[in-house]
Amino acid sequence: MHLTRTPQPRQWLRFAACSLTLAAFPLGWSLLPALPSQAIAPAQSIHSNSSLSETPATPPRMARLQSLLPELETAVILAPQVYGDRMELSLTTKDGAPQRYTIPVGETELRQTILDFRQTLTSPGTDPQPAAQQLYQWLIEPIQAELAAAGVETILYVPDGMLHYVPLAALHTGDQWLAERYAVNSFTAAAMDVASRPDRQPPQILAAAHTAGSFEIAVGEGQPLQLQGFPFARDEVEAIAARFANTTVLLDEAFSPEALLPELGNHTVVHLAANTWVFADRPEESFLLFGNGDRRSFNDLRQWPLSQVDLLVLSACETGIRDTLDDGQAVITFSNLMHNAGAAAVVAPLWQVDDFGTKVLMAAFYAAIAEGTPYATALNQAQRSLIATQSSPATRQLKGSIDVRAVDGEEVFPPGTRQRDLSHPYYWAPFVLTGSGF
């Protein structure tokens, strides 16, 4: 492995984290052959022989999740299933057996709509609402009356296959984003295995970040990867440390495997602003890059002692999906890995995120956590706070209780200074919480 470190200017984007590399695939190739017209098993993996692969959301796992509903009171389980010629929605409330709804949308049309949605979500100058409204009509509108009747506040979402690429919070009703109605707590099968409602103590936080410089990493015979630091992540980590006493902070050279690993078992919240790189065709070679330039494979990460960790946050990511979708494995590999190592809840993004926008989102997220807010609700409040940076009929009512300030230069400014519009879902929708967020 060849590494060189060079200074980089302050930048807006968090580059090349959690990336599905397509270096081996010419643009236009599909990662999967056309799927047959039959049921796609929940979270079925193309890496069936891989120890990092997703396992099915089996009936016992679903039963475990359903057993939590009476205690959660205002939550429901939404579990869509994709078939060749239709989609089936399963809605479970605390009061009864699952209700099922057949949606007449074929797999091909669904895939194209998700691709259109994703392309607009990852480009802040585009309008995601047409695709967002279409997906709302398929996934939420058929059950909206039941959600309203049950007084639902949180949707426990169990996506299937390509639906892992859909951040449910970014669907649009025609009047408002779904995040303005509900918190969303997603589940993979691995997340179900650790699902519980723990009695959480005040957070003991370990916050680490790669904030400066870049590393050139030679991987195989392809072009070297240029993995850069995230300048605003320093502010992000320092804000966490200022809010929570006794936070352990590791930045850049201090953020090394030797420094991180002994601390993992001593903290209930682990926050990482770090590059990860996911190889779609060989996930065991995927890796996390530390702030000092060392890297560890995902097979190494599975040995992390996370059984005491209530929440693990990866606050930087790029999925690298181009014009095709796989079965969702690329975007859930890291979260599943952390769940399998014992982490109860994981927050990780679906695409390359904006450096400053992420700083603001994380500040709001941890502010809510400091008040004892459940993780899924805290993420929802943070999302709402960014939505409210644009005044509209749907968001104006949020202004009285949420005041998010943008930057002028490099710092979050105090009340009375200019706002920056972070209301496009590109800024607030990439982060998905899986596992015990309640």
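The values are calculated or read from the model by the stated rules, or taken from the named source; none is laboratory data. Note that the coordinates shown come from a computational prediction; the quantities given were computed from them, not determined experimentally. Cβ coordinates were reconstructed from backbone atoms using ideal geometry, including for glycine residues, and neighbour counts include every protein chain displayed. Just so you know, the surface numbers come from the protein's heavy atoms only, side chains and all, with ligands and any DNA or RNA stripped out. Shrake-Rupley method; radii C 1.70, N 1.55, O 1.52, S 1.80 Å.
So, in the stretch 349-384, of the ones that are over 17 Å from residue 231 (Cβ atoms) and among the aromatic types (Phe, Trp, Tyr), which residue ends up farthest from the chain's Cα centre (by Cα)? Working first, answer last.
The first filter runs over the stretch 349-384 and keeps only residues over 17 Å from residue 231 (Cβ atoms), leaving 349-351, 364-384.
Add one more test, that the residue is among the aromatic types (Phe, Trp, Tyr), and what stays is 351, 365-366, 375.
Numbers: 351: 9, 365: 13, 366: 16, 375: 13 Å.
In this case the residue turns out to be 366.
One line per residue, one yes/no per condition, for (1) over 23 Å from residue 327 (Cα atoms); (2) over 16 Å from the mean Cα position of the chain (by Cα):
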position	(1), (2)
119	no, yes
138	no, yes
142	yes, yes
164	no, no
175	yes, yes
180	yes, yes
191	no, no
Exercise for review: Kindly list the number of the only condition in (1) in a helix (DSSP H, G or I); (2) touching a residue at least 40 places away in the same chain (Cβ under 8 Å); (3) more than 23 Å from residue 361 (Cα to Cα) that fails for residue 253.
Suggested key: (2)
Check your understanding: Inside the stretch 75-102, can you point out the residues that are aliphatic (A, V, I, L, M) and touching a residue at least 40 places away in the same chain (Cβ under 8 Å)?
Key -> 75, 76, 77, 78, 79, 82, 87, 89, 91
Review point. Within the stretch 115-138, which residues are among the β-branched types (Val, Ile, Thr) and surrounded by fewer than 19 Cβ atoms within 10 Å (Cβ to Cβ)?
Key: 126
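Would you pick out the residues in the stretch 191-200 that are open to solvent by 10 Å² or more (accessible area, probe 1.4 Å) and not in a loop (DSSP other than H, G, I, E, B)? Quick ask: steps written out before the conclusion?
Residues of the stretch 191-200 that are open to solvent by 10 Å² or more (accessible area, probe 1.4 Å), as a first pass: 193-194, 196-200.
Correct list: 193 only.
Tally the residues that are assigned to a loop (DSSP other than H, G, I, E, B), over 14 Å from the mean Cα position of the chain (by Cα) and modelled with pLDDT of 80 or more, restricting the search to the stretch 296-341. First the steps, then the outcome.
Initial filter on the stretch 296-341 (assigned to a loop (DSSP other than H, G, I, E, B)): 302-310, 315-328, 341.
Retained after the next criterion (residues that are over 14 Å from the mean Cα position of the chain (by Cα)): 302-310, 320-327, 341.
Okay, now just the ones that are also modelled with pLDDT of 80 or more, so 302-310, 341.
So the answer is 10.
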Practice item. Quick one: in the stretch 84-97, of everything that is at pLDDT below 95 and open to solvent by 50 Å² or more (accessible area, probe 1.4 Å), which residue is nearest to the chain's Cα centre (by Cα)? Key: 94
Revision key, fill the gap. Picked from the stretch 266-295 (must be at pLDDT below 90 and either among the hydroxyl-bearing types (Ser, Thr, Tyr) or assigned to a helix (DSSP H, G or I) (or both)), the residue farthest from residue 198 (Cα to Cα) is 285
**Study point:** Top-ranked residue in the stretch 160-190 [being open to solvent by 10 Å² or more (accessible area, probe 1.4 Å) and of a type in the set (Val, Ile, Thr); ranked as nearest to residue 132 (Cα to Cα)]
**Key:** 173
Review point. Does residue 203 qualify as being closer than 15 Å to residue 309 by Cβ, open to solvent by 10 Å² or more (accessible area, probe 1.4 Å), assigned to a loop (DSSP other than H, G, I, E, B) and out of contact with any Leu (no Cβ under 9 Å at 6 or more places or on another chain)?
Key: no
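Return the only residue of 233, 239 being in contact (Cβ under 8 Å) with a residue 60 or more places away in the chain, assigned to a helix (DSSP H, G or I) and over 20 Å from residue 289 (Cβ atoms).
Numbers: 233 fails: over 20 Å from residue 289 (Cβ atoms).
Every option except 239 fails the conditions.
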